[in-house]
Structures are given as C-alpha cells and as structure tokens.
Amino acid sequence: MASAPLHFDNPPIREAIIAIQVHDLPDSIIEELRKLPQDVQDTYPISTQMSLSQFVGEISPQRTAASAHQKSLGLQFGSADSKQLFQARLNGFSFHRLAPYESWKPFRDEAFKLWGLYRKFVGPVKVVNFSVRYVNALIVPAPGRLEDHLRVYPQLPPEIPQELRNYYIRIDLPLNDEGSGDGTLTMTQTLLPSEPGTSSILLDNLFMYAALDVSDDVLWKRIDAVQAVKNRIFLAALTPEMRERIS
Amino acid sequence: MPAIAMSSRSVFSGPRYVAGAEIAPSGPSWKILEFFQRFIAEAGSTSKFLQMARSYQELRSSLEVCAGLGDDWDSYGAAKPSKHSIEAADRLLQRLFAELFMPSRVIPSAEGGTALYFNSGNKTAYVEYRNSREVILAMFDDHGDPIIVELTESDADESRALSLIRSYITS
C-alpha cells in the first residue's frame with residue numbers, strides 16, 4: 001500500500017535500515033555468499049568479512065577450562081561513498097542508507113533488489129521477522145525545553161531539578177496496522193554528541209514485525225505498508241515547531 | 001517541564017588544556033560519557049550511525065588526551081601539540097562526523113602537532129596539523145611511494161583532502 005511521501009528540506013534522518021532475519025542457514029552457505037561480490041562490484045566495491053567470536057571460560061572446583069571459537073557470519077558490502085551498505089549473513093540480511101536519505105521508494109527498491117540477490121545466492125530461507133528502522137538526530141538550540149520539540153518526553157515533577165544533562169527513554173509499544181500487521185515499535189531517545197549552543201536529540205524508531213515463514217511477496221507487501229506507519233509515528237512524535245524547523 | 005541543559009565542551013569532550021601528561025575525565029561529564037557509551041553499546045550493534053557516534057566520542061576523548069600532553073611526551077623530544085593544532089583537528093573531526101566519514105585514530109605527531117588517521121586494509125591516510133601551521137596530507141600503502149600533499153586550513157583544502165582520502169581509501 002503506497003503512502004504519500006513525506007518530505008522535509010532538512011531531514012533529520014541519519015540512517016534508515018530494512019532488516020530481515022531468517023532461520024540460521026548452514027555454515028556451508030558462507031561459500032555461496034563469498035561469490036556475491038562479483039555481482040555487486042560496481043555499486044558496492046568495499047566488502048568485509050563478518051565473523052562471530054566466542055570466548056568461554058569455566059572455573060569450577062573440578063576443572064578450569066577456556067576455549068575460543070570463531071565462525072564466519074557473512075559479508076558486508078559498502079558503496080564507494082560509504083553512504084549505502086548491506087549485510088548478507090547466515091542469519092539474515094540488512095540494508096542501510098546513511099544520510100543524505102532521499103525518500104522511501106529508492107531506499108525500499110534498493111533493499112528489495114539486494115534481497116533478491118541475497119536469495120539468489122543462499123537459496124531457500126525461512127523468514128523469522130523483519131524490521132524498518134529510522135535513526136533521526138534532531139538538532140535544536142540549547143538550552144531549551146524538550147516539550148518545544150517533542151511530544152514524547154520524560155515528565156518530571158516540579159519538585160526535582162528540571163535541567164537534563166542527558167536522558168534515555170526507550171518505550172516498546174504494540175502496533176496493529178492494516179497491511180503491516182502486528183508488530184512492536186521501539187522508540188529510543190537520548191542526547192547525542194553536539195556542538196556548543198545546540199543539542200542533538202536521538203529519535204530512533206524501530207518497527208519490528210514477526211513474519212514466520214512468509215513468502216517474499218507477502219513480506220514485501222508488509223514492508224511497504226510500514227511506510228505509512230513510520231510516517232505517522234514520526235510526525236506524531238514532533239511538535240509543530242519541530243516540524244517547522246526541519247521543513 | 002524538563003529542559004535540556006546548555007551543551008558545553010565539558011560535556012562533549014572538547015579540547016581542554018591541563019598540565020600533566022594525561023587528562024582523567026572526572027565528574028558529571030565522565031558519567032555522561034559512560035552513560036552514552038553504555039547506551040551505544042546496546043543500540044549501536046546494528047546502526048552504523050550510532051557506531052559512528054560512539055567512534056566520534058572516543059576520538060574526541062583522544063583529542064583531549066593530545067591536548068593534555070606536555071613537551072617530550074614521546075621521550076624523544078617531541079613538542080606538545082599546540083592549541084591551534086588541537087582546534088584545527090577538532091574542527092575537521094566535527095566536519096567528518098557531520099559527513100559520516102570517521103577516521104580511525106587521532107594521535108599526537110612526533111613532528112609537533114595533531115594527526116587524524118584513516119585506515120582501510122593495507123591503505124593508510126592521515127591529515128596532520130603541525131604546530132608550525134603546516135597541514136600535510138599523506139597517503140600510502142605497503143607497496144608504492146607515499147603521496148604527500150601540502151594543504152592549508154581553508155574549507156576548500158579541507159574538502160579537497162576529504163575527497164582525496166575517500167577516493168584513495170575506497171579505491
């Protein structure tokens with residue numbers, strides 16, 4: 001279901017991610033993933049290996065033992081300007097677009113194309129879940145009042161100090177929208193590094209949906225439906241002043 | 001209603017000038033840094049932007065350490081990085097974070113000054129702000145001769161340096 005595109009002249013998006021988790025694939029598939037660079041050399045020339053390291057130490061009256069284990073997890077591919085990258089892993093796929101972010105369609109289309117490539121190399125997969133994530137940094141003057149910028153913020157009783165040096169809130173909320181289905185929104189806020197006279201407020205919206213064994217067709221219809229949900233939530237979290245600031 | 005405190009250098013790791021060899025952050029600013037790092041460790045595992053934000057914090061801390069060095073910090077007679085070289089490196093670091101292109105390290109220069117290093121595979125590039133106000137860009141790998149470019153601190157030269165580093169590192 002297509003949604004009206006949301007456009008701001010000063011978009012606060014620092015990163016957008018579409019991620020699809022799959023049931024763990026056999027380790028042998030890593031050899032197939034290693035053939036993937038030849039198909040993306042032009043657009044994603046930088047490839048790096050991803051591995052998982054595990055160290056286990058055991059101390060008990062009977063024995064003391066330590067072991068280390070490392071296994072290949074997949075590959076990460078980056079564009080020449082490092083603004084786009086994707087990961088092809090044994091446990092899933094993710095596509096990342098760093099700022100400047102243009103709009104949903106090219107972002108989604110690129111993720112869709114790369115997912116198809118991933119599927120071509122790894123063969124059949126069982127999807128577990130998918131997520132769409134928007135990491136925003138809202139630059140505002142400081143000092144200032146949070147309520148001038150956000151409609152989701154910590155409430156403090158007047159008896160305690162009102163000046164925040166930093167804060168961290170994370171809220172998990174149920175989602176149940178037509179098209180995208182049942183899911184969870186995890187909204188995270190904190191203050192990021194910023195320059196004097198300004199504050200940079202992280203507004204990190206993660207939309208996560210269970211999608212057990214769904215077909216590719218259903219999967220992408222549901223991902224497409226998240227566009228309207230993420231736009232609605234993002235706009236709802238901002239005050240009119242903040243919307244004006246990024247317009 | 002909660003208000004955001006005035007952001008300040010003490011909170012987000014700007015250069016400070018402290019006698020002695022090393023700055024030991026203390027008090028609220030360090031606690032905030034710990035808080036931030038803890039948060040980033042949780043959330044940054046999948047977001048490249050948040051990984052860069054953590055890297056930026058760490059590099060600003062390295063710059064603080066450079067700012068706190070004294071003369072002969074390397075025991076071979078190197079001059080301490082000048083205030084000017086620290087500020088120039090700080091400006092470039094801020095710009096790099098804004099452009100989401102992070103260096104690997106910030107270190108003092110044995111020539112006297114401050115340098116930002118970029119590493120990728122066997123390729124290395126660095127921009128060095130010398131106490132003498134010279135700005136040097138060097139790019140090298142395991143094989144060929146190093147490429148050395150003399151620059152100024154102008155915006156145009158900074159842009160040129162970043163463009164050269166990007167294309168060298170990613171080629």
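Where the second residue is among the hydroxyl-bearing types (Ser, Thr, Tyr) and surrounded by fewer than 19 Cβ atoms within 10 Å (Cβ to Cβ) and the first is more than 7 Å from every other protein chain (Cβ to nearest Cβ) and lies in region B:46-59, which pairs have Cβ atoms under 9 Å and are six or more apart or on separate chains?
Close Cβ pairs satisfying both conditions: B:Gln51/B:Ser45; B:Ser55/B:Ser104; B:Leu59/B:Ser104.
Would a scan of region A:54-63 turn up a residue that is part of a helix (DSSP H, G or I) and either free of Cβ contacts under 8 Å to residues at least 40 places away in the same chain or touching a Phe, Trp or Tyr at 6+ places or on another chain (Cβ under 7 Å) (or both)?
Looking through region A:54-63, none of the residues is part of a helix (DSSP H, G or I) and either free of Cβ contacts under 8 Å to residues at least 40 places away in the same chain or touching a Phe, Trp or Tyr at 6+ places or on another chain (Cβ under 7 Å) (or both).
Considering region A:87-118 alone, what residues qualify as being surrounded by fewer than 16 Cβ atoms within 10 Å (Cβ to Cβ) and hydroxyl-bearing (Ser, Thr, Tyr)?
Passing the criteria: only A:Ser103.
Scan A:Arg97, A:Arg108 and give me the residue that is outside any strand (DSSP E or B), within 30 Å of A:Asn231 (Cβ to Cβ) and of a type in the set (Lys, Arg).
Being outside any strand (DSSP E or B), within 30 Å of A:Asn231 (Cβ to Cβ) and of a type in the set (Lys, Arg) holds for just one of A:Arg97, A:Arg108, which is A:Arg108.
Determine which single condition A:Tyr167 fails, assuming it passes every other condition in (1) aromatic (Phe, Trp, Tyr); (2) in contact with a strand residue (DSSP E or B) (Cβ under 8 Å, 6 or more places away or on another chain); (3) away from chain B (no Cβ under 14 Å).
(3)
Give A:Leu206, A:Leu235 a once-over and let me know the one that is crowded, with 18+ Cβ neighbours inside 10 Å and under 29 Å from A:Ile139 (Cα atoms).
Of A:Leu206, A:Leu235, the one residue that is crowded, with 18+ Cβ neighbours inside 10 Å and under 29 Å from A:Ile139 (Cα atoms) is A:Leu206.
Per-residue answers, yes or no, for (1) surrounded by fewer than 18 Cβ atoms within 10 Å (Cβ to Cβ); (2) in a loop (DSSP other than H, G, I, E, B); (3) modelled with pLDDT of 95 or more:
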residue: B:Cys66; (1), (2), (3): no, no, yes
residue: B:Trp73; (1), (2), (3): no, yes, no
residue: B:Gly77; (1), (2), (3): yes, yes, no
residue: B:Pro81; (1), (2), (3): no, yes, yes
residue: B:Ser85; (1), (2), (3): no, no, yes
residue: B:Leu96; (1), (2), (3): no, no, no
residue: B:Met102; (1), (2), (3): no, yes, no
residue: B:Val106; (1), (2), (3): no, no, yes
residue: B:Thr114; (1), (2), (3): no, no, yes
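Quick one: would you say A:Gly183 is small (Gly, Ala, Ser) and closer than 29 Å to A:Ile30 by Cα?
no
Looking at (1) loosely packed, with under 15 Cβ neighbours inside 10 Å; (2) charged (D, E, K, R); (3) modelled with pLDDT of 90 or more; (4) over 24 Å from A:Gly197 (Cα atoms), which is the one condition that is false for B:Glu42?
Only one criterion in (1) loosely packed, with under 15 Cβ neighbours inside 10 Å; (2) charged (D, E, K, R); (3) modelled with pLDDT of 90 or more; (4) over 24 Å from A:Gly197 (Cα atoms) is unmet by B:Glu42, namely (3).
Could you grab me the full set of residues in region B:116-128 that are more than 13 Å from every other protein chain (Cβ to nearest Cβ) and either surrounded by fewer than 16 Cβ atoms within 10 Å (Cβ to Cβ) or among the hydroxyl-bearing types (Ser, Thr, Tyr) (or both)?
Scanning region B:116-128 gives B:Tyr117, B:Asn122, B:Thr124, B:Tyr126.
Would you mind stating whether A:His96 is within 30 Å of A:Ile30 (Cβ to Cβ) and within 11 Å of chain B (Cβ to nearest Cβ)?
yes
Okay, residues lined up against (1) facing chain B (nearest Cβ under 9 Å); (2) part of a helix (DSSP H, G or I); (3) surrounded by fewer than 16 Cβ atoms within 10 Å (Cβ to Cβ):
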position	(1), (2), (3)
A:Val135	yes, no, no
A:Val140	yes, no, no
A:Glu147	yes, yes, yes
A:Pro154	yes, no, yes
A:Leu185	no, no, no
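The values are calculated or read from the model by the stated rules, or taken from the named source; none is laboratory data. This one's a predicted model, so the numbers in the text were calculated from it and none came from an experiment. Ideal geometry is used to build each Cβ from the backbone, glycine not excepted, and the neighbour counts take in all protein chains shown.
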